[in-house]
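Computed from the coordinates by the stated procedures, all read-outs in this text should not be read as laboratory data. None of the values given here were measured: they were computed from a predicted structure. Glycine gets a Cβ as well: all are built from the backbone with ideal geometry, and neighbour counts include every protein chain shown.
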Amino acid sequence: MRKLIAAALVFAAASSAQAQDTKNEIAGTVGRTFISDQGVPNTNFFDNVVHSGKGLTFEGNYARRLRSFKWGDLSAELPVIINPDVDLNYGLNQVPEAYSSVFITPAVRVTLIPDLAFSPWFSLGGGIGHFQASKNLVFFNPNPGPRVKNTGVLEAGFGLDIRLFGLRSTRLRAEVRDNWSGEPPINVDTGHSRQHNYYVGGGLVFHF
């Protein structure tokens, strides 16, 4: 009996040490990107506002823990957010019917009390964004404007990782990220040079 207890204690200690040694994680989430509608100055026709759809969006993320403290972990992460189809609508046949976006933003992430069942985290970083507009305008005819644009991006986000019962290396994740970027090539001047791209998503995180 004593040997069984000793073996169980050794196994538990080894499992705990192994859990503490996991410094890497990969995550995948799915959600929607929300972009505010924008009016076009010096126009007075009906529906002179550019409306953006809430495109189905995908994120892949790699992170590595850099340091651990009593209150939490400091990690470097690389979120890649892909929105393949942002539908547009406008009163005149000037804007493209849609565009796609990719944001790649290396960041620093702080995770509070990672050993709890619910671990909140905050992220801050920056990188690049890539927009590509569709070949056609919103109603008809080919798109005559520039279709590709690259831009600098600032990223800020927060989320919650939820431990799954019985699975040390897998967690659920709910998150919100704002990629503050230049405006996409939409052929009209909204009076703004930048826009917020709010991503809201959820998925799984795997530690190894």
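Descriptive notes on the structure:
- Protection proxy ranking of 97-103, 167-173, by the mean of other Cβ atoms within 10 Å over each peptide's residues and highest first, is 97-103, 167-173.
- Only the Cβ atoms of Lys and Arg (+1) and of Asp and Glu (-1) were treated as charged; on that basis the dipole of the chain about its Cα centre amounts to roughly 1080 debye.
- Residue-averaged [θ]222 nm for the chain, counting only DSSP H segments that reach four residues, each worth -39500 (n - 2.57): -3500 deg cm²/dmol
- Report note on the peptides 178-191, 143-156, 58-71: ranked by the mean count of other C-beta atoms within 10 Å, highest first, their order is 178-191, 143-156, 58-71.
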